[in-house]
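Beneath this line is the structure, given in structure tokens, with notes to follow.
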Amino acid sequence: MQNEEVTLIEQSKTDPEAFGRLYDRYYQPVFGFLLSRTHNVEVAKDLCSETFFHALKSIRRYESRGKPFKSWLFAIAVAQIGTYYRSRKHYLSVAIDEAPELMANEDYRPDVALAADEDASIIRVQIERLRGFLSKLNQKQQNILSMRFFSKLTVPEIAAAVKMKEGTVKSHIHRALKKLQVLMTEEKHAKDGYERTDALTTRMSFGTDASL
């Protein structure tokens, strides 16, 4: 942990303004993680607010002990995700598609690096496909992959956040990526099979028309 951050954390225990600087530093990665897990802008905002509210209430008890502040913060965010999925019927969800001004803001799109020469509609389809695949993983795998690839946490930071050994985190990442690869391959084979069937049907139709 950097000396500057250590000082800032200690100041935050008695000075809300100092905590505000931690909030500014970590809001985007935490929000990005929550957005990638809920796919709902307003829900992600609510959970992000709850995460930092709980962090502010608990920061006086925070002690590093080898656990980075970022990991401690993400552990709170993971707990908020668990609460959300246990009681999401109480939330009024606002889909990302219903907030075009956020879709256009790259700061709110942690789950994709927008290519300047790539069509936005293609990117949207790719994102939705990826989300569909991710939703078939278990909650633990979804949390770990979201932290690793959307919020760019290191394996040690994730391990501290979810209270696992680094080797266990790596195993979860490996198994999750392998499962995603299998799901993508299955989709491709299904698509190829559909296209072959569709082409055969077309040829049969033309053959029938020619015989009339």
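Read-outs: derived from the displayed coordinates by stated rules, not from any lab. In this text, all values refer to a predicted model and were calculated from it rather than measured experimentally. Quick reminder, even Gly has a Cβ in these numbers, built from the backbone with ideal geometry, and neighbours come from all protein chains shown.
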Near the amide H of Leu153, under 5 Å away, which other amide H atoms are found, from residues 5 or more places off or on another chain, if H is placed in the peptide plane? Arg148
Could you list, in their original order, any pairs among Lys45/Lys179; Lys140/Lys179; Lys152/Lys178 whose Cα atoms are separated by more than 25 Å? Lys45/Lys179
Packing-based exposure ordering (other Cβ within 10 Å, fewest first) of Glu5, Glu186: Glu186, Glu5
Which order do Met184, Met164, Met147 fall in if you start with the one that has the fewest other Cβ atoms within 10 Å? Met184, Met164, Met147
Cross-link pairs beyond the 25 Å C-alpha cut-off, checked among Lys67/Lys170; Lys57/Lys163; Lys165/Lys188; Lys57/Lys170: Lys165/Lys188; Lys57/Lys170
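Compute the length gained on full extension between Asp15 and Gln28: take 0.36 nm times their separation in residues and subtract their Cα-Cα distance, giving the result in nm to one decimal.
Using 0.36 nm per residue and subtracting the Cα-Cα distance, I get 2.5 nm.
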Which ³J(HN,Hα) values, rounded to whole Hz and listed in residue order, are derived for the stretch 14-20 from phi using the Karplus coefficients 6.51, -1.76 and 1.60 in 6.51 cos²θ - 1.76 cosθ + 1.60 with θ = phi - 60°, glycine and proline given as x? 10, 10, x, 5, 5, 5, x
Enumerate the calculated ³J(HN,Hα) couplings along the stretch 72-84 in order (Karplus 6.51 cos²θ - 1.76 cosθ + 1.60, θ = phi - 60°), each rounded to whole Hz, writing x wherever the residue is Gly or Pro. 4, 5, 5, 4, 5, 5, 4, 5, 5, 4, x, 5, 4
Under a crude label model (7 Å from the Cα following the beta-carbon direction), how far is Gln2 from Thr154 in nanometres? 1.3 nm
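Based on other C-beta atoms within 10 Å, arrange Asp15, Asp24, Asp46 from fewest to most.
Asp24, Asp15, Asp46
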